[in-house]
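Colleague: The structure follows.
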Amino acid sequence: MIKTPIKVIVRTRPTVEFAYKNININENTGHIAINIPKSAEQGFVNHQQEDWGFTFDKVLQNASQEVVFDICGKELIHSALGGYSGTIMAYGQTGAGKTFTMMGSQIDYKYRGMMPRCISLLFQEIEARYEQQITVGVSYLEIYNEMMYDLLAGGDQNTGLAIQEDNNGYVLVKGLTIKKCQTEEDAIAQLFEGETNRTISEHKLNKASSRSHCVFTVHLEIRSRVESAEKVIISKLNLVDLAGSERTKKTGSEGRTLLEAQFINKSLSFLEQVVVALSEKQRDHIPYRQSKLTNLLKDSIGGNSKTVMIANIWPEKHQLEETISTLKFAQRMMKVTNESSIRVNLDPHVLIKKYEKEIKDLRQELAMHDTLANRGRIQYEPYTPEQQYKQQQIAQQFLNGELEDIDIDSLRQVKELFFQFRNLYRNLVKDLENKNYIPRTEKEPDVSKKKSDQVKPVESVGMEENKHGFGLGKARKDAKPTTNIENLVNIPKDEFKQVDDKAQQEIRKESQITEANKESTIEKRIVNVDKQQAFSDFKNKEGSSINQSIIENINQLKEKKDNILILSEVSIQLKNSIESNKAIIAQKQQNKNQEEIAQGIIDEEEYGTLKELKDLKKKLKQNQDTIRNLKSEINTIDQNIIQSKAALVQKFEEHFLKKYGLTLQDINNPLVNQKEEEYSINDPSEQDDVDQDALAYIRAKNKVTQLQKARKQEKMHK
Ligand SMILES: Nc1ncnc2c1ncn2[C@@H]1O[C@H](COP(=O)(O)OP(=O)(O)OP(=O)(O)O)[C@@H](O)[C@H]1O
């Protein structure tokens, strides 16, 4: 059992409006100091707190996805493969970057988040561990308004799911689909499939993803190929994207949104209560059972798991209150200590095989002992029917007194004889009962008596029918109305089945037509309003300033990339010159005698070459520094472009909503976004410069997109 406190990392969302006056971050010490001056509205003499200080395991400001993964994810993958379960959860206010951290952006492979990165590393590691046989399964669960949804179920997503805990405190969700994955591509495809199903169910239930908690779990079964195979190490890695914590008063939520916010706040406040209870040493009751989320995370928080919490903050001035609240919660979380241990199960199938082999060996051993002890061949297998019959005869003869004694040759025979005695006794009792020598026991029905032997009541007019009043004569059996539907119409059984199937098909068709109608209605509205065209118009008018800044950024990016190309060429030339100068100097050294070397004598030409070499090295260093600076500028511009693009799309959607009166639900409909999806990822085989590591990610993305498209078309054509 290893005691590990929950590790807390704070990640700031990049912003141009960073509240430098209020927030001071020290990345080296992990300290964040916040100052909010007393507001004049409340009078300067008040008890309003002005300063807050927090220290965390790490604070990441403007960190790349790769850095975040290196710090938060890598270690947990190695631990999970070693048998220790782990959890990575993103917590923070709405819009602070939880989903970006966990799932990442699908626009570009380099912005992929913790989930796809964990999957990649996991499969890389599995490939390297040939001494182990590791089975990977994945599940994807969503909790929305205290209801659980299975995002990989395919059909009905929320039936029969229940959170359970085994004797060792290992939490599992009964009924949740776990998809077995052989490759990285399989697992990433499941992740995308779950994401798509989440979007579809959002559309159906009219909910927003940011308002649900999501848990993607990687389940591992690890068997050794070299040691005992019946031992199975079970571990899992929970990747949790929590719903955004937000203040209903500030956002002015009402109606459904208010209800959702209340559910979120309730479950997050239950989470806080659990964390508070765990951080207080005297508390013996931890209120896990108050909500689905806390129940599900029972082994992640205060249980058997290595856990990392990423607290996402939005460091702008008008978000300060939420930032402080997130940091307070994160600070509390640091006080919680988990106890991790390896969970080892015994595989029943392997155990049975092992025991079967043991039994076979023992039988052989016994046979050998019997032979040595001159006991003849004793069998240990069950009796055949012929052998049983023989034992039955022996028993019968013994009971009849025809046999004085029974020769016993094994325990197995004793058992069989007892069995035969019991059978003979039972048959005897039955016989006596039938001959009315002994009364029948109440419980045992008389199965021996034929129905025809039973006395039938006379069927006649005026008889009381089953104590339900008097009938006016007993109708023929076939004249009675029947509850058996097959008798209602005069159709033979086979044909009836066909009719029934047909009816079912009709019903199914009808429901599909209604579904298709719904979708085609949405489509018609979209056809009437060409969203692509509307977007182009918007870029030229209302969104022109953002669009212009994107274009400028792209131009700058291109210019800087061109510069890097030129400078790289220069670097190559400089390196070549350095090498040739070095060769000249080496040649000169070779031509010198011992004395010249000892005295360090150099001629004019060598001096000139050495000087040139020094200058070349200096130039190369300057050149490389400039390239490095350009690369970092490119990174910043890249980020700016992403943010501006997100802002442009956001503004456009608001504008589109206002102008065409479409509901947000329509805009979120996958049908509307189809075109954007098509553009987002290209076929990897068509790209020469595609990163080899990205292939599984891109293929999985394409696979899921194609699958969704095919399903949609199939639905439309039915
Ligand atoms: N580190 C980052 N770098 C670049 N963009 C970011 C970063 N963090 C967040 N963003 C951007 O900020 C926006 C909001 O982020 P995100 O959706 O991840 O927030 P969230 O905390 O999950 O919100 P919600 O609770 O509403 O789901 C997105 O457009 C995302 O791309």
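Throughout, read-outs are computed from the coordinates displayed, never taken from laboratory work. Everything numeric in this text was worked out from a predicted model, so none of it was measured. Cβ sites come from the backbone with ideal geometry, for glycine too, and all protein chains shown count toward neighbours.
Colleague: Label-point separation (nm) for Gln533 and Tyr425, each offset 7 Å from Cα along Cα-to-Cβ?
Modeller: For the pair Gln533/Tyr425, the computed spacing is 9.3 nm.
Colleague: Tell me, how many Å apart are the Cα centres for region 171-185 and for region 91-143?
Modeller: 14 Å
Colleague: Residue by residue through region 92-103, what is 3J(HN,Hα) from phi via Karplus (6.51 cos²θ - 1.76 cosθ + 1.60, θ = phi - 60°)? Round to whole Hz and write x for glycine and proline.
Modeller: Working through the residues one at a time gives x, 6, 4, x, 7, x, 5, 5, 4, 5, 7, 8 Hz.
Colleague: What ³J(HN,Hα) values, in whole Hz, does the Karplus curve 6.51 cos²θ - 1.76 cosθ + 1.60 give for region 5-16 when θ = phi - 60°, with x put for Gly and Pro?
Modeller: Using θ = phi - 60°, the values come out as x, 5, 8, 10, 10, 9, 10, 9, 7, x, 8, 7 Hz.
Colleague: If you take the beta carbon distance between Ser341 and Glu280 as r and set R0 to 22 Å, what does 1/(1 + (r/R0)^6) give as a FRET efficiency, to the nearest 0.05?
Modeller: About 0.40, to the nearest 0.05.
Colleague: What whole-number distance in Å separates the alpha-carbon centres of region 569-598 and region 393-409?
Modeller: That distance is 110 Å.
Colleague: So, by mean Cβ neighbours within 10 angstrom, what's the order for 538-550, 348-360 with the highest one leading? All intermediate terms of the calculation are to be shown ahead of the outcome.
Modeller: Values: 538-550: 15.5, 348-360: 11.2.
Ranking, from highest mean packing down: 538-550, 348-360.
Colleague: Testing the spin-label approximation: label points 7 Å from Cα along Cα→Cβ at Leu411 and Gln132. State their distance in nm.
Modeller: 4.2 nm
Colleague: With Cβ to Cβ distances under 14 Å as the rule, what net charge do the other residues near Glu358 carry (K, R +1; D, E -1)?
Modeller: Cβ neighbours under 14 Å give a net charge of +1.
Colleague: Turning to a different aspect of this structure: Given R₀ = 56 Å, FRET efficiency for Ser545-Thr159 by Cβ-Cβ distance, to 0.05?
Modeller: Computed FRET efficiency for Ser545 and Thr159: 0.65.
Colleague: Using all Cα-Cα distances in region 2-346, what percent lands in each 10 angstrom bin from 0 up to the longest?
Modeller: Final binned percentages: 5, 25, 34, 24, 9, 2, 0, 0.
Colleague: Hey, another quick one. Go through region 546-558 residue by residue and turn each phi into a ³J(HN,Hα) via Karplus (6.51, -1.76, 1.60, θ = phi - 60°); whole Hz please, and just put x for glycine and proline.
Modeller: The phi angles translate into 5, 4, 4, 5, 5, 4, 4, 4, 5, 4, 4, 4, 5 Hz.
Colleague: Report, in whole Å, the centroid distance computed from the Cα atoms of region 287-316 and region 621-647.
Modeller: Value for the Cα centre distance between the two parts: 36 Å.
Colleague: Determine the sum of side-chain charges near Ser340: Lys and Arg each +1, Asp and Glu each -1, restricted to other residues whose C-beta is under 13 angstrom from that of Ser340.
Modeller: For residues surrounding Ser340, the net value is +2.
Colleague: Separation between the Leu372 and Thr626 pseudo-spin-labels, each 7 Å from Cα along Cα→Cβ, expressed in nm?
Modeller: Label at Leu372, label at Thr626, 9.1 nm between them.
Colleague: Summing Lys, Arg as +1 and Asp, Glu as -1, what charge do residues with Cβ under 12 Å from the Cβ of Gln273 carry, Gln273 excluded? Please list the in-between numbers first.
Modeller: Numbers: positive: Lys266, Arg283, Arg289, Arg332; negative: Glu272, Glu280.
Result for the local shell: +2.
Colleague: First measure r as the distance between the Cβ atoms of Lys619 and Asn167, then evaluate 1/(1 + (r/R0)^6) with R0 = 60 Å and state the FRET efficiency to the nearest 0.05.
Modeller: E(calc), rounded to 0.05, equals 0.30.
Colleague: Restricting things to alpha carbons, tell me how big region 14-124 is in terms of Rg and Dmax, in Å.
Modeller: 18.3, 61
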